[in-house]
Every structure is written in structure tokens, then in C-alpha cells.
1. How many nm separate the modelled label positions at residue 70 and residue 119, each set 7 Å beyond the Cα in the direction of the Cβ?
2. Which listed residue (3, 24, 87) has the Cα farthest towards the positive end of the charge dipole for the chain, taking +1 on Lys and Arg C-beta and -1 on Asp and Glu C-beta about the Cα centre?
3. What residue among 55, 34, 103 has the largest mean-square fluctuation in a Gaussian network model of the chain, using Cα springs under 10 Å?
4. Got a number for the accessible area of residue 11? Probe 1.4 Å, square angstrom, nearest 10.
5. Calculated from the structure, P(r) over Cα pairs in 10 Å bins from 0, in percent equals which of [x] 11, 38, 31, 14, 5, 1, 0; [y] 11, 41, 39, 9, 0; [z] 11, 38, 35, 15, 2, 0?
6. For the chain, how many pairs of lysine residues have a Cα-Cα distance under 16 Å, where the two are 8 or more positions apart or belong to different chains?
7. Grab the DSSP H runs of the chain that are 4 residues or longer, score each as -39,500 (n - 2.57), total them, divide by all residues and round the 222 nm result to the nearest 500 deg cm²/dmol.
8. If R₀ is 30 angstrom, what is the calculated FRET efficiency for the pair residue 62 and residue 146, using the beta carbon separation as r and rounding to 0.05?
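The values are calculated or read from the model by the stated rules, or taken from the named source; none is laboratory data. A quick note: this is a predicted structure, and the numbers were derived from the prediction, not measured. Cβ placement follows ideal geometry from the backbone for every residue including glycine, while neighbour counts extend to all protein chains displayed. Protein only, heavy atoms only, side chains kept; ligands, DNA and RNA dropped before computing areas. Shrake-Rupley method; radii C 1.70, N 1.55, O 1.52, S 1.80 Å.
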Amino acid sequence: MSVLIQEDDFDLAFELKTLRSGNSKVGAMVSFVGLVRDFSHNETIESIYLEYYPGMTEKALNKIIAEATERWSLINVRVIHRIGQLFANDQIVLVATTALHRGEAFAGCEFIIDYLKTAAPFWKKEQTREGSQWLETRETDVKRMEHWHNDTVRKSA
């Protein structure tokens, strides 16, 4: 289980190979890569800027990874979240999970990314031609996260 917060880009193929190497029990691997879009609310985004609180953010991410690992018997998890200034099509986040079966790997990955979108201590500012603004969590993301709290028995068969 590992968390990296960094300015540098990541190599998806390398990260996935590393995540599953040396463990013959892995039957499924699921990954999610988030990308920076060039639009938001009908405005063109020139760039985004991400900040975090060192120490606190890693602790929060490790806690949610531990919860996901317990709920879905995940074998391994890798979370990489980028900070600093990013532009359209840049990779911003990787969440990758391994498990015995695909259901657990999918559920664990989805749970972690939903948490990242709603409760992880990152702050994101969008830069447009008209200026910049700090973003707040969208209501649609909050609703997605709520179903995890209401569905404590969600497991794969």
C-alpha cells in the first residue's frame, strides 16, 4: 500500500507493473487515471493549481486505503496524486488496486477515488481567461460518496 504526492508526472505502465509484481495471488487489477480537462462550467480552463497539507494529506489517504483494504480484501493499492500547476490532458491522479477477484478490485478503486473527490485534503484552483477561483466539492461527488456510507455490505460475489 503506498501513497505518493508529487509534482512530477507518473508512468502508468511502470506503476501497474510494480503494483502486481511478486504476488501470484492477484487475480484482478483495476486502475483509474484522472486527467485535467480544458473546460468547466462552460469556461475554458487554462490550467489548474493543486495544493495540499504535507503529513495531514498522506495520513488521510492512508486511512481511506486501510478502510478500502479491509472492506474489499485488497491485496495492494497505489495512489499517486499530483500537485502544482497542471494543464489540459495532464495526468492528475492514479488509483490502482489489486485483489483476488475483479469485484473487490473495482469496488476498492471506486471507493478510493470517490473519497479523493470529496474529502481528501487537496485544494484546487482553476485558472481561466477571466481569472482564477478555488473550487469546492461538487454536489454530485458528495452524493456518490454517500452511497458508500449507506452500503456497508457492498461486496462482490
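1. Simple spin-label model gives 1.2 nm for this pair.
2. So the residue furthest toward the plus end is 24.
3. So, out of 55, 34, 103, the one fluctuating most is 55.
4. The accessible area of residue 11 comes to roughly 90 Å².
5. Derived directly from the coordinates: [z].
6. Values: 17/25; 63/117; 117/125; 117/143.
For the chain, the number of qualifying lysine pairs is 4.
7. Working: 4 runs with 55 residues, N = 157.
Here the helix-only value at 222 nm equals -11500 deg cm²/dmol.
8. On the way: r = 23 Å, r/R0 = 0.75.
Calculated transfer efficiency: 0.85.
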